[in-house]
1. Among the residues of segment 13-65, count how many are modelled with pLDDT under 95 and basic (Lys, Arg).
2. Of everything in segment 41-94, what is under 18 Å from Glu29 (Cβ atoms) and of a type in the set (Phe, Trp, Tyr)? Give them in sequence order.
3. Those residues that are among the small types (Gly, Ala, Ser) and either surrounded by 15 or more Cβ atoms within 10 Å (Cβ to Cβ) or farther than 25 Å from Glu83 by Cα (or both), I need them from segment 13-72; list them, please.
4. Inspect segment 76-89 for any residue being at pLDDT below 90 and in a loop (DSSP other than H, G, I, E, B) and give the result as yes or no.
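The values are calculated or read from the model by the stated rules, or taken from the named source; none is laboratory data. Note that this is a predicted model, so its numbers are computed, not measured. Cβ coordinates were reconstructed from backbone atoms using ideal geometry, including for glycine residues, and neighbour counts include every protein chain displayed.
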Amino acid sequence: MKGLRTKADRLKYLDYEFNRLTESGYKKETYKDLYIFTNTNDQILLKVFSGTSTNAICFFRYSTIERMQEKIKSLKESADYCEKRKLENGGKKREQRKPGSKFRANWKLI
């Protein structure tokens, strides 16, 4: 593959990656736009993808299953918070302001 320039290319690559992970023993869980893969066979491994990103946002080995579950819970809470904030801002990732609007409100005309 030359490069992942389009969304279709990224989705094709993610489909390949997800199939490869499940064939190698990972269990897949989907939560909102998070794809969570866990493997507890030899080692306790966690690999998480977000949206259509081909890079994992989290790829760690844990000493206990409880610590891995805490991280998964934290990631799910973060996804909930991002969705809530996006709904409050009208579907935008961040609150949009006009440049300098905070300062112009305090200016007085002489």
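1. So the count comes out to 1.
2. Result: Phe49, Phe59, Phe60, Tyr62.
3. Quick first cut of segment 13-72, residues among the small types (Gly, Ala, Ser) only: 24-25, 50-51, 53, 56, 63.
Once the filter is applied, which keeps residues that are among the small types (Gly, Ala, Ser) and either surrounded by 15 or more Cβ atoms within 10 Å (Cβ to Cβ) or farther than 25 Å from Glu83 by Cα (or both), segment 13-72 yields Ser24, Gly25, Ser50, Ala56, Ser63.
4. yes
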